[in-house]
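Enquirer: I'd like to ask some things about the structure below.
The values are calculated or read from the model by the stated rules, or taken from the named source; none is laboratory data. If you're wondering where the values come from, they're calculated on a predicted model, not measured in any experiment.
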Amino acid sequence: MEKVSNKLKEGDFDASIYSLNTATTGDPQYLLEVMFRTGASSNFGKYSNSELDALADRLQTTFDTQERNCIAKQAQQVILDDAAFAFLVYPKRNVVINNKVKGIEVFPSEYYLLNSDVTVRSNIR
């Protein structure tokens, strides 16, 4: 069997299951740029909507967090209204962290960020 990724890139499929998340930033712009924008690298179904593309353009030049969230919600609604994708599952995540670990944030994605804020204390019993 050929690689599934090749079939997706070629558009040689009737239906596919694909997993993608918002990456390490949690920023909605990433997903719009790689999956939903017209011509995006992971837009295997060739989805195209000029309203969504305009919202993605606005995200590129908007820096206010509340305004970005508003634009992202509008983009989500456009995608849902078009029903171009069937979102099958959003898994719940259970995270257990030892009480020696401090400063870690849990994000709703598949990534765990370890940075200079994360410490492990050795003197706790």
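Enquirer: Being at pLDDT 85 or above, within 20 Å of Y18 (Cα to Cα), within 14 Å of the chain's Cα centre (by Cα) and among the hydroxyl-bearing types (S, T, Y) is true for just one of S42, S109, S48. Which residue is that?
Expert: Every option except S42 fails the conditions.
Enquirer: Can you tell me how many residues within region 52-66 are modelled with pLDDT under 95 and acidic (D, E)?
Expert: Within region 52-66, residues that are modelled with pLDDT under 95 and acidic (D, E) number 1.
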